[in-house]
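Let me begin by presenting the structure, written as structure tokens, before commenting on it.
Quick note: the coordinates plus some simple rules give every number you see, no bench work behind them. As the structure is a computational prediction, the values presented were derived from the model and not from experiment. Cβ placement follows ideal geometry from the backbone for every residue including glycine, while neighbour counts extend to all protein chains displayed.
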């Protein structure tokens, strides 16, 4: 008897499977949207049941993406989502033959990370100097390389200020599939955060960064604020994540060990850190300590 599982039901089961595997929420959302777009395209071709889908149908979907000027990187991601979706359906016994198995990825030329020059990041720091909260945000992102999502999740107790006997430290709590890590804070970052805490609204919420009304400062708020100061500092084509790129590249270019930079940045693989070496000049002699930008 032929399997009559509809594409919409298969899509729903696939998303539930990803959630049960405790995949990162951003990953689940990306897969959900990609497959939703695929299902819509297939239904327009009259394909409502999973077993009716052919390789030619999937190729037609990809051809349509190219016609709509999707980048090769976006197309490659959607191919990955499509292959993962149909592989899941085959493992579950919903289909016998995998129509996505022969799909191939377009050849990608990796884009170089946007690394701010010393003039640029100093201009940004100068632009935010009178906004105490944003100054603390920028210093943490620039001096520690933490992710914007990690910064938004910080609690007051995660910050340990520097003292005469010990340097500051930031506890980055475990997030989804990432482990807890302890990030050293140099004087610039520690001072900026301490200055902000001194004027932080006295509210019950324990998030380190909050709005004037005491609500947690959301990722979109942080991104919009820094984008505004990028414009004020006349820094073009830069995004919040480029502060993280700058942190990694800066320390590698000054001889800090790959292992230490990778650990502080929270890279899962050392190879992720190594990719930056293609875009910087690294001294022959390696040292361990982190510096200050």
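What full-extension length gain, to one decimal in nm, is calculated for residue 211 and residue 197 as 0.36 nm per residue of separation minus the Cα-Cα distance?
3.8 nm
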Length-normalised contact order for the chain - Cα pairs under 8 Å, 6+ apart - percent: 16
With axes computed from alpha carbons, what is the tilt in degrees of helix 241-253 against the longest principal axis of the chain, rounded to the nearest 10 within 0 to 90? 60
Rounded to the nearest 5, what is the percent of antiparallel bridges among the DSSP beta bridges in the chain? 90
Would you work out the relative contact order for the range 108-193, in percent, from Cα pairs under 8 angstrom that are 6 or more residues apart? 24
So how do 213, 5 line up by other beta-carbon neighbours within 10 Å, fewest first? 213, 5
Between helix 7-20 and the chain: long-axis angle, C-alpha atoms, 0 to 90°, nearest 10: 40
Using only the alpha-carbon atoms, how far is helix 219-232 inclined from the longest principal axis of the chain? Give it as 0 to 90 degrees, nearest 10. 60
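When the helix-only estimate is applied to the chain (DSSP H runs of n ≥ 4, each -39,500 (n - 2.57), divided by the residue count), what is the mean residue ellipticity at 222 nm, nearest 500 deg cm²/dmol? Please report the intermediate quantities before stating the final value.
Working: 12 runs with 149 residues, N = 293.
Value at 222 nm, helices only: -16000 deg cm²/dmol.
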With a cut-off of 8 Å between alpha carbons and a minimum separation of six or more residues, what is the relative contact order of the range 118-279 in percent? 26
Where does the range 118-279 land on the Kirkwood hydrodynamic radius, alpha-carbon pairs, in angstrom? 16.2
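Hey, with R₀ at 45 Å, roughly what FRET efficiency would residue 70 and residue 163 work out to, going by the Cβ-Cβ distance, to 0.05? Spell out each step's value before the answer.
Values: r = 52 Å, r/R0 = 1.16.
E between residue 70 and residue 163, to the nearest 0.05, is 0.30.
When a footprinting reagent is the concern and you count Cβ atoms within 10 Å, what order do 158, 131, 242 take, fewest first?
Going from least to most buried by this count: 131, 158, 242.
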Net length gained if the chain between residue 132 and residue 90 were fully extended (0.36 nm per residue, minus Cα distance): 9.7 nm
Taking the alpha-carbon centre of each part, the distance from the range 128-204 to the range 22-74 in Å is 40
With 5 Å bins from 0: P(r) over the range 140-209, alpha-carbon pairs, percent: 4, 16, 29, 27, 16, 8, 1, 0
I need 220, 181 ordered by Cβ neighbour count within 10 Å, fewest first. 220, 181
